[in-house]
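Notes follow once the structure below has been shown.
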Amino acid sequence: MQLQSFGAACTVTGSMHLLGLGERQVLVDCGMFQGGDDLEARNREDFPFDPASLDAVLLTHAHLDHVGRLPLLVRLGYRGPVYCTAPTAALAETVLLDSARLQVEGYRQDLRKARRQGREDEVLPPLYEEEDVHRTLALLRPSLEFGQTERIAGLRVTPQRAGHILGSAYLVIESGEGRLLMSGDLGNRESGLQLDFTPPPAVDAVVIETTYANRTHRSWPDTLAEFSQALRDSVRQNGKILIPTFAIERAQTILHTIKELMDAGEVPRIPIFLDSPMAARATHEYFEYGDELIPPVRDALQNGEDPFQPSTLHTVTTSAESQRLNRYDGPAIIMAGNGMMTGGRIQHHLKHHLWKPSTNLIIVSYQSPSSLGGRIVAGADTVRLMGEDVAVRAQVHTIGGFSAHADQDDLLAFLSSAGQPQVWLVHGEVAVMDAFLPVLAQQGLKGNIVPDRTPVDLLGPGYASGRPPGLTVPAPTSGHAEAGE
């Protein structure tokens, strides 16, 4: 039972894990790298295996850093099945079509600029286009159901609820070699939207994400109180309230939370503009799969109510409508992507409002230090936006408790029912995983850090220190946590 990780090893993005089980080769996730230029350059590297040689692909969920290179895999020769849950298939269509559109639009813009400068040869083509996405969608097999075992490539695969986003699953994979658990991304047990993960069975080995393995999140009641206070303080400024949001899970959680606060009279009813067509499309999937959501949201959906529709909500669809918002007079909440402010419609709103002292920027997602959002959080006086230097005079509120990722307590709770497995750490920065190793040891568990690209024997003895020989601690590289999370 051998593993090679070609993404999300010693970093938190680009998840792609190749399982060798006897003669079978199964790929778990095929995500896109997101973050700095060095990381994103890895998206253009050749796959270190023949895509046509794979027996199957298994998806844990539909975030871009877990599915974003699937169309490239298909473009380069993969023609086999891609297994996932039904919600993951639905969301993957939205995510991948949006990814292809953005790549093509970006390529055309870069090409026009390069032609004026005589540098056409320097412009990189998109990784894939919409036709590649449609070929990929035809390979999806949304047959995985929580708790139901399916035979795939000679293996017994049982998905269970991971509680991260809609359709997210961890996978229990059984063969003659043993019983393996691939966690994908695990959810925060105090989520404002998703049900908790299902406790796992005893297994021989666990490959587990470690995004927040060195910390605990603020409690949900404290997060709600902090968010409510930030909104009330912002309304008193009589300006725009900008909330950068990721389109899947975070946008829906924020909409539901604002609706609850407004209905309870804790926040004034001011106009809310959801300026994210992708978030609007993704929200429709929550109506069909409400049984994965916490009881208040699930019950509202069953009663024909819309738990994501505050009474003052307006959904913005076209670019022209988005631009008109910048001339809107009076206080309003504007939710737009992307969550780390590295692109998308939020940049237009920041350009028009970040320099105003009456503006409030409420950050509800993790910000990479190298991202635009990270620089604002760090206290930058000015930032570069769409070719211009813009002063940062807005009030900035950072609300950290909305995370959809498990923290250290959640990870330990998850492992508590898994027996005494070998624990292999992925999807985390090296310094975070280093901090988690002694915590695992206190629980009587042996932790091992999965190296980038190097094969490991999942049932072998691991490393004496938990670290692969020669591993150094790189500077934090990514800014994921729900990128695209």
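Restricting attention to the stretch 277-296, the residues that are touching a strand residue (DSSP E or B) at 6+ places or on another chain (Cβ under 9 Å), over 15 Å from PHE246 (Cα atoms) and hydrophobic (A, V, I, L, M, F, W, C) total 2. The set of residues in the stretch 439-465 that are within 27 Å of the chain's Cα centre (by Cα) and outside any strand (DSSP E or B) comprises VAL439, LEU440, VAL450, PRO451, ARG453, THR454, PRO455, LEU458.
Residues of the stretch 451-468 that are touching a Leu at 6+ places or on another chain (Cβ under 6 Å) and among the hydrophobic types (A, V, I, L, M, F, W, C): VAL456, LEU458.
Within the stretch 33-46, the residues that satisfy the criterion of being of a type in the set (A, V, I, L, M, F, W, C) and either out of contact with any helix residue (DSSP H, G or I) (no Cβ under 7 Å at 6 or more places or on another chain) or under 15 Å from PRO125 (Cα atoms) (or both) are LEU39, ALA41. All but one of (1) under 20 Å from PRO125 (Cβ atoms); (2) crowded, with 18+ Cβ neighbours inside 10 Å; (3) not basic (Lys, Arg) hold for GLN25; which doesn't? Result: GLN25 fails condition (1) only. Among the residues of the stretch 262-276, the ones that are over 16 Å from THR245 (Cβ atoms) and either buried (at least 17 other Cβ atoms within 10 Å of the Cβ) or touching a Leu at 6+ places or on another chain (Cβ under 7 Å) (or both) come to 3 in all. Checked against the criterion of being surrounded by fewer than 24 Cβ atoms within 10 Å (Cβ to Cβ) and over 22 Å from ILE152 (Cα atoms), the candidates ASP37, ASP65, ASP55 yield just one match: ASP37.
Kindly establish whether ALA169 is farther than 15 Å from LEU19 by Cβ and touching a Pro at 6+ places or on another chain (Cβ under 9 Å). So ALA169 fits the description; yes. You will find that of THR13, THR88, THR60, the residue that is closer than 30 Å to ASP291 by Cα, surrounded by 24 or more Cβ atoms within 10 Å (Cβ to Cβ) and touching a Ser or Thr at 6+ places or on another chain (Cβ under 6 Å) is THR13 and no other. Residues that are surrounded by 17 or more Cβ atoms within 10 Å (Cβ to Cβ) number at least 3 in the following strands (runs of 3 or more DSSP E) confined to the stretch 101-214: 140-144, 155-161, 169-175, 178-182, 205-209. Can you tell me which residue in the stretch 215-255 is nearest to GLY447 (Cα to Cα), limited to those that are of a type in the set (Lys, Arg) and buried (at least 22 other Cβ atoms within 10 Å of the Cβ)? Only one residue tops the list, namely ARG250. Scanning the stretch 348-361 for residues that are crowded, with 23+ Cβ neighbours inside 10 Å and either part of a strand (DSSP E or B) or of a type in the set (Lys, Arg) (or both) yields ASN360, LEU361.
Among (1) within 23 Å of TRP424 (Cβ to Cβ); (2) at pLDDT below 95, there is one condition THR158 misses while meeting the rest; what is its number? That leaves (2) as the condition not met. Within the stretch 455-485, which residues are closer than 22 Å to ASP65 by Cβ and modelled with pLDDT of 95 or more? Listed by number, the list holds a single entry, VAL456.
Residue count for the stretch 192-217, restricted to those that are over 20 Å from VAL26 (Cβ atoms), in contact with a Phe, Trp or Tyr (Cβ under 8 Å, 6 or more places away or on another chain) and not aliphatic (A, V, I, L, M): 6. Restricting to the stretch 135-153, give me the number of residues that are farther than 20 Å from THR198 by Cα and either at pLDDT below 95 or more than 22 Å from the chain's Cα centre (by Cα) (or both). Final tally of qualifying residues: 6. Within the stretch 296-309, the residues that satisfy the criterion of being over 17 Å from LEU261 (Cα atoms), of a type outside the set (Lys, Arg) and either under 24 Å from the mean Cα position of the chain (by Cα) or surrounded by fewer than 16 Cβ atoms within 10 Å (Cβ to Cβ) (or both) are ASP299, GLN302, ASN303, GLY304.
Checked against (1) farther than 26 Å from ASP196 by Cα; (2) assigned to a helix (DSSP H, G or I), LEU301 passes all but a single condition, namely (1). Applying the condition of being within 19 Å of PRO271 (Cβ to Cβ) and surrounded by 12 or more Cβ atoms within 10 Å (Cβ to Cβ) to the stretch 310-320 and asking which residue is modelled with the lowest pLDDT yields THR317. The set of residues from the stretch 367-424 being part of a helix (DSSP H, G or I), at pLDDT below 95 and either assigned by TED's automatic domain parsing to the domain that holds GLY163 or basic (Lys, Arg) (or both) comprises just one member, ARG375. The set of residues in the stretch 313-331 that are within 28 Å of the chain's Cα centre (by Cα) and outside any helix (DSSP H, G or I) comprises LEU313, HIS314, THR315, VAL316, THR317, THR318.
Condition first: in a loop (DSSP other than H, G, I, E, B) and in contact with an Asp or Glu (Cβ under 8 Å, 6 or more places away or on another chain). Can you find one or more residues in the stretch 219-235 that meet it? Yes, some residue in the stretch 219-235 is in a loop (DSSP other than H, G, I, E, B) and in contact with an Asp or Glu (Cβ under 8 Å, 6 or more places away or on another chain).
The values are calculated or read from the model by the stated rules, or taken from the named source; none is laboratory data. What you see is a predicted model, and the numbers here were worked out from it, not measured in a lab. Reconstructed Cβ throughout: ideal geometry from the backbone, glycine too, with neighbour counts over all protein chains shown.
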